[in-house]
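The structure under discussion appears below in the form of structure tokens.
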Amino acid sequence: MAAPLSAAAFLAALKAEGCTTVEYQSWRTHNRNHKGAWGPVNGVMIHHTVSSGEDNSVALCYNGHASLPGPLCHTVGGKSGKLYMVSAGRANHAGSGDSSVLTAVINETTLPTDSKVDTDGNARFYGIEIVNLGNGTDQYPAVQYDAAVRWAAALCRAHGWGAGSVIGHREWQPGKIDPHGPVEGRGDFSMSAFRADVAERLKHPASWSAGTTTPSPAKPSSEETDVPKYVSLGMTKPLTLAPNTWKTIAFETEWVDDLDQHYDGGQTFATGAHYNGALYVNVADLPRGNELQVRLVEDSIAEGRTVKTFPPTEVVGTSGGTYSYVPAVGVVGKGRRVKFQVAHYSDRPITLTRAELKAHLWAL
């Protein structure tokens, strides 16, 4: 629980986090404070606009419409990655929501299912509207998603909150679906993955600029190492996945391995290298709406154990088979090796029918 940031402090926090901001009209004094409390604040809320076009969406969120006066949020996240400031006070974005969810946000504990509308969320949450139609097919570009992560992290950092203070509108008010839709390189918009990305940013100084929410490989310094090597590996034998159990993917098929780093029973794909690529997965029998989680882990070669686990990416089940891809971007130090693990939490076993990894590697 905290006093809201002033407009100047709000803007400074975003700029410190590496955000590209645009001050729209009289945003510093544009608010709904005359209609209710603004603060104490407890968290941040993520929405989509159900609109298209950056200029149109910003104007809509600033002015509102006949049935809901503006401002409709504090910040609008454009597809360009720009963050448009439209208010620094009370805004019509959250509406009434579930008091038990607010309690969980305050305590940063597991969110309960939202089932009632008994608490004024406009007083308690900062809100961002991310430009997206919300129709399930309009994509959030990676730069737009990253800007939203930075926005949320900046406010959490300014107030001393953790990622547990970040929620989606759909987690606050029954009947809401936002944020919704595919994120470039990540599958459907997952709030648990979004919180994990915020948590990763909060582990670093505000000035940390990986370029995306996952650390990107630094450019090698010499001309020789500036040319990446290629790896293309496959798991072509179906793998049964029991519920509630993490299982490591073994790549038994090797099409290309220029750095000769695919070993250890077929699980490891890189050691002592920068890597940038994606894992493509096919899943059978995953119930529609259920989630397959895919994560990277690092093992110590000397100790023979896992020493680092990355936040998982979630793949949501669809009708019939489920096909998606998971980004794999980062650096694994010398003496460590990196591999993929998968898990799901449906009520019966499912089958990972195929997995293919394609990546570029730069040896350290």
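The values are calculated or read from the model by the stated rules, or taken from the named source; none is laboratory data. Just so you know, these numbers come straight off a predicted model, no measurement behind them. Counting neighbours? That spans all protein chains shown, and the Cβs are built from the backbone with ideal geometry, glycine included. Each accessible area value is taken on the protein alone, full model and side chains, heavy atoms only, with ligands, DNA and RNA left out. Shrake-Rupley method; radii C 1.70, N 1.55, O 1.52, S 1.80 Å.
General observations
- Single unsatisfied condition, Gly289 versus (1) open to solvent by less than 20 Å² (accessible area, probe 1.4 Å); (2) on the phi > 0 side of the Ramachandran plot: (1)
- Residue match in the stretch 90-97 (condition: closer than 24 Å to Ala13 by Cβ and small (Gly, Ala, Ser)): yes
- Residue count for the stretch 10-20 under the criterion of being open to solvent by 30 Å² or more (accessible area, probe 1.4 Å) and either farther than 19 Å from Arg201 by Cα or not in a helix (DSSP H, G or I) (or both): the result is 2.
One line per residue, one yes/no per condition, for (1) out of contact with any Asp or Glu (no Cβ under 7 Å at 6 or more places or on another chain); (2) farther than 29 Å from Ser165 by Cα; (3) at pLDDT 90 or above; (4) not charged (D, E, K, R):
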residue	(1), (2), (3), (4)
Gly185	yes, no, no, yes
Arg195	yes, no, yes, no
Ser207	yes, no, no, yes
Ala210	yes, no, no, yes
Thr214	yes, no, no, yes
Ser222	yes, yes, no, yes
Asp226	yes, yes, no, no
Tyr230	no, yes, no, yes
Thr245	yes, no, yes, yes
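- Note on the stretch 170-179: residues that are over 19 Å from Pro40 (Cα atoms) and either open to solvent by less than 40 Å² (accessible area, probe 1.4 Å) or without any contact (Cβ under 8 Å) to a residue 12 or more places away in the chain (or both) amount to 6.
- Within the option set Thr271, Thr318, being buried (at least 20 other Cβ atoms within 10 Å of the Cβ) and more than 15 Å from Thr248 (Cα to Cα) holds for one residue only, Thr271.
- Within the stretch 106-123, being surrounded by 12 or more Cβ atoms within 10 Å (Cβ to Cβ) and of a type in the set (Asp, Glu) holds for Glu108, Asp114, Asp120.
- Which listed residue, of Ser52, Ser80, is over 30 Å from Leu111 (Cα atoms), surrounded by fewer than 23 Cβ atoms within 10 Å (Cβ to Cβ) and in contact with a Pro (Cβ under 9 Å, 6 or more places away or on another chain): Ser80
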